[in-house]
1. Excluding same-chain residues fewer than 8 positions from residue 42, which lysines have a Cα within less than 23 Å of its Cα?
2. Once Rh is set to the Kirkwood radius over Cα pairs, what Stokes-Einstein translational diffusion coefficient, in µm²/s, holds for segment 107-159 at a temperature of 10 °C and a viscosity of 1.306 mPa s?
3. Expressed as a whole percentage, what fraction of the accessible surface of segment 72-213 belongs to carbon and sulfur atoms when a 1.4 Å probe is rolled over the protein heavy atoms?
4. Starting from the Cα gyration tensor of segment 134-189, multiply each eigenvalue by 5, take the square root, and state the resulting semi-axes largest first in whole Å.
5. Are there trypsin sites (Lys or Arg not before Pro) in segment 56-113 that DSSP puts in a loop and that have at most 14 other Cβ atoms within 10 Å, and which ones?
6. Any chance you could run the full-extension gain for residue 82 through residue 163? It's 0.36 nm times the residue separation minus the Cα-Cα distance, nm to one decimal.
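The values are calculated or read from the model by the stated rules, or taken from the named source; none is laboratory data. As the structure is a prediction and not an experimental result, all values here were calculated from the model. Quick reminder, even Gly has a Cβ in these numbers, built from the backbone with ideal geometry, and neighbours come from all protein chains shown. The area values use the complete protein model at the heavy-atom level, side chains included, leaving out ligands, DNA and RNA. Shrake-Rupley method; radii C 1.70, N 1.55, O 1.52, S 1.80 Å.
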Amino acid sequence: LYLFLIDVACTVYVVCNCGIGKSTALDLAKRGARVILACRDKRRAEAAVYDIRTESGNNQVVFMQLDLASLESVCRFAETFLKTEPRLDILINNAGVLGSGRTKDGFGMAFGVNHLGHFLLTKLLLERLQQCGSSRVVTVAARLHCFGSIDFPLIDSEKDLVTGQSMCHTFKAYCNSKLCNVLFTRELSNRLEGTNVTCYCLHPGVIHTSLCRNFGLPHLLTPIAKLFLLDPNMGSQTTLYCALCEGIEPFSGRYFANCSVQQPSVKGQDDALAQKLWEVSERLISTS
């Protein structure tokens, strides 16, 4: 079994040497999978590879460079991967950027990384997934998608999901991007109907990771937060459930939390909205 783990190393908030990405990779490595960490920062990625190999005893854990904030990097990564890796059984899209600024292609950071980067990568690797028997695409969303919305005229005019760069706008962009994750999974499932590839999205839980710290959690509150927030190991459980659990194939396209199927927001169940987002995303990646 070959496992392909997407993590965003140092695209500010979820780095491959900490958080649920590393916990997920470690669990898969312990199960004997070949795990590929796709990360931006080489130094931190190689440190994570060393840690995972040491703790799991599995040397089939490797780093491949990928910057989801650059569509060129996504294409280059996919080309390299397809030339060097004969199998792809599970694709885990684990980006969770919460920050202001723009990607290299001019998109809002959360929109470009959390949605468009994964959208393009999945499309480029889909044929390989289909060649490998029963395979899965797992996308880490968030319950905050319930506060999200999609404004297509704004996307056309601003290449973003929000209009400003304040902390409030940054938070809203994150929520909107997580709604994109839910809608992407829904439409992907519709397009994969009748194939051997299934897909799932999930809320991992409220986790104490660098995402919390970088969003301004006061230092003095950190010990208190640890009492109420999940650690990364617990936070990786629903991701692992969607990646590995047998018998959930009939729930392709659905949203999971606490290792069970849950109902997403009303907007997250809108097939017409999901289809339009897919079509707009295709246009955006083709013109960038």
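1. Output for residue 42: 22, 30, 83, 104.
2. Stokes-Einstein gives a translational diffusion coefficient of 120 µm²/s.
3. Working: 2710 of 5120 Å².
Looking at segment 72-213 in its full context, I get 53 percent from C and S.
4. 23, 13, 8
5. On the way: sites: 76, 83, 87, 102, 104; in loops: 87, 104.
Those satisfying the criteria are 104.
6. Residue separation times 0.36 nm, minus the Cα-Cα distance, leaves 25.4 nm.
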